[in-house]
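Just below is one structure, and these are the notes that go with it.
The values are calculated or read from the model by the stated rules, or taken from the named source; none is laboratory data. Computed from a prediction, not measured in an experiment: that's the story for all the values here. Cβ atoms come from the backbone with ideal geometry, glycine included; neighbour counts cover every protein chain shown. Side chains are part of the model used for accessible areas, which takes the heavy atoms of the whole protein and leaves out ligands, DNA and RNA. Shrake-Rupley method; radii C 1.70, N 1.55, O 1.52, S 1.80 Å.
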Amino acid sequence: MYKAPRGTFDILPQEHPYWKYVEERAASLCRLYGYQPLNTPIFEDAQLFTRTVGKGTDIVDKEMYVFQDKSGHELALRAEGTAPVCRAYLEHGLFNLAQPVKLYYIGPAFRYERPQAGRYRQHHQFGFEALGEADPVLDAEVIEMACRFFLSLGLYGVSIQLNSIGCRLCRPGYLEVLTRHYASYANSVCPDCKARLTKNPQRLLDCKNASCQEIAKSAPKPSDYLCHDCQLHFLSVQEFLVALSIPFQLNHRLVRGLDYYTRTVFEVEPEGKGGQSTLGGGGRYDDLIETLGGNPTPAVGFAAGLERIILNLKRQNSDIPALPRPLVFVAYLGPEAKVEAMKIASQLRKAEIATILAAGDKSLKGQMKQAGSSGSTYALILGQEEVTNRNVVLRDMRSGEQRIIPLADVAMMIKPR
Ligand code: HAM
């Protein structure tokens, strides 16, 4: 027996109300803020991620699904959504439009991680990106949008963690101080952090290992080493958030796991849960588009994981609207009734009435059981007698009430709710 690959799963029909609910809220949020949809391919040139997310990050070093196609091109399954959006922005000359260009996406991302609750090898992200503007008002707007999204879903207790990690001018100085600080702990940190000391010192700050977290507490803070412009930007973002009444917590150890960030970084945490279950994260990435060969183009964005959102909706027993049920179930007894039933079902569907036709020549009892579990409002029952008399039994599935109506009147009698 084949199974879905480890870390992936099927989204069964009963799960779809959650997915539809979240996707619809995402799309209506984006309409509200003027973001337009963009779909990018499931795979990209592997270099797109290596150059932006960065060597030395877990995503690039350990988690990317990289493969060669038949002509030897090195491709990678989409590991995240931001770099592909920037690639599309450059490829289609979107920098010629009025800036900022605001785009959103919903789709799968692939990371070879150790599967556990809320962590999968294929997961789905909803993300939005504002490209071509450095104004901190956009950082605040993106954070506000993330908050409004979770609020509109009915998820309560989410919190925003905020930090600034500076720019390419001030960060090197900070990293020097940080590396010096860690030199005396080189033998006390975990093996991953030992590697980070040379490869990606900033990530020392957010190691999940308990003893590394203790060491990180006394580490110098990125926000104490910001250049004047980055300081002003960070202060403005905070002022704007206060003006918008968006509560946030400054977290000096928040650095994010992707290398392209500059200045603002933020994460959204669900109620009462640790870092593992982060609902979403984002920030500024003012150098990314330049790294891909474009002109200097500041940008800011956010992405959230749909699986984690749904996990939290379930945890909080949220009320999710059910998907529409079929209105009619057509049951029959005997070969002639079967043909008539098929014709009725076809007519009803032509009249936009959602209809299920029984199949497989089950007993009437079996068919009515199926009608019940389909959630249909009505059942139509046809036997030889009804065919001869050109009528049909109409059963109200909730009350159990039955009456006989002329076959010709069926579509008219069953009005959609
Ligand atoms: P990220 O933090 O790597 O950021 O991923 C965004 C969200 O995707 C996470 O907060 C989490 O909810 C979800 N996620 C990530 N990995 C997994 C996984 N293995 N299983 C389940 N859910 C997962 C980014 O990808 C950036 N592109 C976000 C961004 C957009 N920054 C600026 N714009």
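Structure summary
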read-out	value
Subset of segment 348-360 that is in contact with a strand residue (DSSP E or B) (Cβ under 9 Å, 6 or more places away or on another chain) and touching a residue at least 12 places away in the same chain (Cβ under 8 Å) - its residue that is surrounded by the fewest Cβ atoms within 10 Å (Cβ to Cβ)	Ala354
Scope segment 155-170; condition open to solvent by 40 Å² or more (accessible area, probe 1.4 Å) and out of contact with any Gly (no Cβ under 8 Å at 6 or more places or on another chain); matching residues	Tyr156, Val158, Arg168, Leu169
When residues of segment 109-122 are limited to those that are assigned to a strand (DSSP E or B) and open to solvent by less than 30 Å² (accessible area, probe 1.4 Å), the one nearest to Glu63 (Cα to Cα)	Phe110
Pairs, first without any contact (Cβ under 8 Å) to a residue 40 or more places away in the chain and open to solvent by less than 10 Å² (accessible area, probe 1.4 Å) in segment 80-96, second among the hydrophobic types (A, V, I, L, M, F, W, C) and within 13 Å of the ligand (Cβ to nearest atom), C-beta under 8 Å, six or more apart	none
Answer from Glu141, Glu129 - the residue that is acidic (Asp, Glu), crowded, with 23+ Cβ neighbours inside 10 Å and within 15 Å of the ligand (Cβ to nearest atom)	Glu129
Residues within segment 42-79 that are open to solvent by less than 70 Å² (accessible area, probe 1.4 Å), small (Gly, Ala, Ser) and part of a loop (DSSP other than H, G, I, E, B), tallied	4
Matching option when the condition is in a strand (DSSP E or B), within 21 Å of the chain's Cα centre (by Cα) and at pLDDT 95 or above, among Gly154, Gly127	Gly127
Positions within segment 234-289 being under 22 Å from Asn312 (Cα atoms), of a type in the set (A, V, I, L, M) and within 10 Å of the ligand (Cβ to nearest atom), in sequence order	Val268, Leu279
